[in-house]
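Chemist: Structure provided below as structure tokens; questions to follow.
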């Protein structure tokens, strides 16, 4: 039963994520936390992302900005190692507080993430940006659309966002997963949970690829943000009380 729930959650989350150019992992934080516990959120999502991102690369490979990828990926690898290491040092109580704050703040970040920054972003800027975003990803298991305002200001459009972020995320997730393994945060059972989630994610990416132009993204993101805000408040309440 737990595996079926994980597959269903992965499918739904990656449908929404592909439409909105990010956010699957953020949506899954409360789901994984409820089903498996907060300590398993980051490694389980990393396994699923490693499975799902190659399908995005396949479907959107013609839109990938490889110049940007060459700057973004090295920073993402470095930040992922630092964030994943810190994740292994945290106690569960502190991790739940971090996840709750992250979910609540995500909703507040949404208005910012939907707009361009009004800056002329150069490719080299994505090295430090990659460090920061992947550090947060290694620590919380998700970063949502934090990269989006920078990518939009650089000039990427929706399909370019999905494809370029998929390449970066795939390499970042491999780095995170390797670090989790080295520091003992990844077990065989966690890997199986992640595979179940990843199978659903692949199905979700495939379905969205077929219907991408006919789906209203605003309706999806509205419900997602409401769910994440409420879930974040519940996590903080459980951690403090």
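Chemist: Tell me, which helices (runs of 4 or more DSSP H) lie completely within the stretch 124-195 with 3 or more residues that are under 14 Å from the mean Cα position of the chain (by Cα)? Walk me through it before giving the result.
Modeler: Details: elements: 126-140, 148-154, 158-182.
So the answer is 126-140, 158-182.
Chemist: Could you go through the stretch 199-210 and let me know if any residue there is surrounded by fewer than 22 Cβ atoms within 10 Å (Cβ to Cβ), outside any helix (DSSP H, G or I) and over 18 Å from the mean Cα position of the chain (by Cα). It would help to see each step written out before you state the result.
Modeler: Pass one, the stretch 199-210, residues surrounded by fewer than 22 Cβ atoms within 10 Å (Cβ to Cβ): 199, 202-203, 206-210.
Within this subset, residues satisfying the condition of being outside any helix (DSSP H, G or I) are none.
No, because not a single residue in the stretch 199-210 is surrounded by fewer than 22 Cβ atoms within 10 Å (Cβ to Cβ), outside any helix (DSSP H, G or I) and over 18 Å from the mean Cα position of the chain (by Cα).
Chemist: Shifting gears a bit: Just name the residue that is surrounded by the fewest Cβ atoms within 10 Å (Cβ to Cβ) out of those in the stretch 175-197 that are under 17 Å from residue 134 (Cβ atoms) and in contact with a helix residue (DSSP H, G or I) (Cβ under 7 Å, 6 or more places away or on another chain).
Modeler: The residue in question is 183.
Chemist: Residues of the stretch 24-41 being surrounded by fewer than 24 Cβ atoms within 10 Å (Cβ to Cβ) and either under 14 Å from the mean Cα position of the chain (by Cα) or without any contact (Cβ under 8 Å) to a residue 24 or more places away in the chain (or both), which ones?
Modeler: Answer for the stretch 24-41, where residues must be surrounded by fewer than 24 Cβ atoms within 10 Å (Cβ to Cβ) and either under 14 Å from the mean Cα position of the chain (by Cα) or without any contact (Cβ under 8 Å) to a residue 24 or more places away in the chain (or both): 30, 31, 34.
Chemist: Right, next: If I ask for residues that are over 16 Å from the mean Cα position of the chain (by Cα), surrounded by 15 or more Cβ atoms within 10 Å (Cβ to Cβ) and at pLDDT below 85, which ones from the stretch 61-100 would you list?
Modeler: Scanning the stretch 61-100 gives 63, 88, 90, 95, 96, 97.
The values are calculated or read from the model by the stated rules, or taken from the named source; none is laboratory data. This one's a predicted model, so the numbers in the text were calculated from it and none came from an experiment. Note that each Cβ is placed from the backbone with ideal geometry, even for glycine, and that neighbours are counted across all protein chains shown.
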